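Participant: Have a look at this one.
The values are calculated or read from the model by the stated rules, or taken from the named source; none is laboratory data. Keep in mind that this is a model prediction, so the values were computed, not measured. Methodologically, a virtual Cβ is constructed for each residue, glycine included, from the backbone with ideal geometry; neighbour enumeration extends over all protein chains shown.
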Amino acid sequence: MPNSRGPRRPKIGVFDSGVGGLTVLRALVERIPDADYLYFGDTARLPYGSKSAATVAHYAVGAVRYLQDQGAELLVIACNTATALALDEIKAAAGVEVIGVVEPGAHAAAAATRKRKVVVIGTEATISSHAYRRALEALEVAVREKACPLFVPLVEEGWVEHPVTEQVAKIYLSEAFSEEGRDADVLVLGCTHYPLIKPLLRRVAPEHVAIVDSAESTAQDVARHLGHQLKIEPLSSSAETKSERGGVPKLKFFATDSAEKFRKMGTRFLGLPVEDVLHVDLKE
Ligand code: DGL
């Protein structure tokens, strides 16, 4: 609602199983700097990617209720696994608008593919849910899905430019782009952690393949939802540049495991200092 001091800043809740969703938060603050962000990382209970749908839904619903109690007016489910397995349950439990990462990623992939055939990579749980397949087939795009469970621990180890990660990527992608994936011309990064190895994946993926990052497309969707004009200039760490743009994001973080650990690892994923972190103990 506009008021005498300009438009009211939206309070956006961002949920992920851990620090990976900070790649989505990064894309959000680049697009929508003039907002307050509440980020919840369920670090004590990750990884979600190897868990059942019932468990992921139970954890995710608890976390988004917490974000709403903190005042979130719009919820972004940054975690691909939670979106793929539990978006309906989260929406049913939330009293506010909920945006997941699968639909925006699928739409961006459908817009990018000329051959109407894409490869989606993600965690074991995301891939076996076939959420991306359903979203893409509804857009008349054929899909080859490939679980890449080793990428999350490799990225968390900081091995984003490492020969082992490169070797693993070669094995996963050569499998993904064989057989019915042979003609695919788009690779969808269906996991929060994968944007960190995008340069490596770019080198390893077949040259003609375009890479679609669901973090980017989700941020665009949220911006559209808020009626913002897209701001394509990336957020710099200079306060002057930010104030020239008229918006400085306010970031507050909640983590279910150690706040200190979140601060350290989070800075790498966000590309900005992670400062205001509160440890949260969610009752089972
Ligand atoms: N955030 C998860 C995802 O995007 C990856 C990490 C996990 O398995 O919890 O699928």
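Participant: Is at least one residue of the range 155-170 surrounded by 23 or more Cβ atoms within 10 Å (Cβ to Cβ), within 13 Å of the ligand (Cβ to nearest atom), within 27 Å of Ala223 (Cα to Cα) and not basic (Lys, Arg)?
Facilitator: The answer is no; no qualifying residue exists.
Participant: Just name the residue that is farthest from the ligand (Cβ to nearest atom) out of those in the range 83-135 that are part of a loop (DSSP other than H, G, I, E, B) and either within 19 Å of Arg224 (Cα to Cα) or free of Cβ contacts under 8 Å to residues at least 24 places away in the same chain (or both).
Facilitator: Ranking the qualifying residues of the range 83-135, first place goes to Val96.
Participant: Could you check, for the range 11-28, whether at least one of its residues is among the basic types (Lys, Arg), more than 12 Å from the ligand (Cβ to nearest atom), buried (at least 16 other Cβ atoms within 10 Å of the Cβ) and outside any helix (DSSP H, G or I)?
Facilitator: Yes, the conditions are met somewhere in the range 11-28.
Participant: Can I ask one more? Could you tell me how many of the residues in the range 58-73 are more than 22 Å from Tyr194 (Cβ to Cβ) and touching a helix residue (DSSP H, G or I) at 6+ places or on another chain (Cβ under 7 Å)?
Facilitator: Matching residues across the range 58-73 total 3.
Participant: Here's another thing I want to ask about it. If we scan the range 44-55, do we find a residue that is surrounded by 23 or more Cβ atoms within 10 Å (Cβ to Cβ) and under 17 Å from His279 (Cα atoms)?
Facilitator: No, because not a single residue in the range 44-55 is surrounded by 23 or more Cβ atoms within 10 Å (Cβ to Cβ) and under 17 Å from His279 (Cα atoms).
Participant: Being part of a helix (DSSP H, G or I), hydroxyl-bearing (Ser, Thr, Tyr), touching a residue at least 12 places away in the same chain (Cβ under 8 Å) and more than 8 Å from the ligand (Cβ to nearest atom) is the filter here; which residues of the range 37-82 pass it?
Facilitator: Once the filter is applied, which keeps residues that are part of a helix (DSSP H, G or I), hydroxyl-bearing (Ser, Thr, Tyr), touching a residue at least 12 places away in the same chain (Cβ under 8 Å) and more than 8 Å from the ligand (Cβ to nearest atom), the range 37-82 yields Tyr59, Tyr66.
Matching residues to (1) modelled with pLDDT under 90; (2) surrounded by 18 or more Cβ atoms within 10 Å (Cβ to Cβ):
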residue	(1), (2)
Val186	no, yes
Arg202	no, no
Glu240	yes, no
Arg245	yes, no
Phe254	no, yes
Gly266	no, yes
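Participant: Given the conditions (1) among the acidic types (Asp, Glu); (2) more than 23 Å from Ser52 (Cβ to Cβ); (3) buried (at least 19 other Cβ atoms within 10 Å of the Cβ), and given that Glu103 satisfies all but one, which numbered condition is not satisfied?
Facilitator: (2) is the only condition that Glu103 fails.
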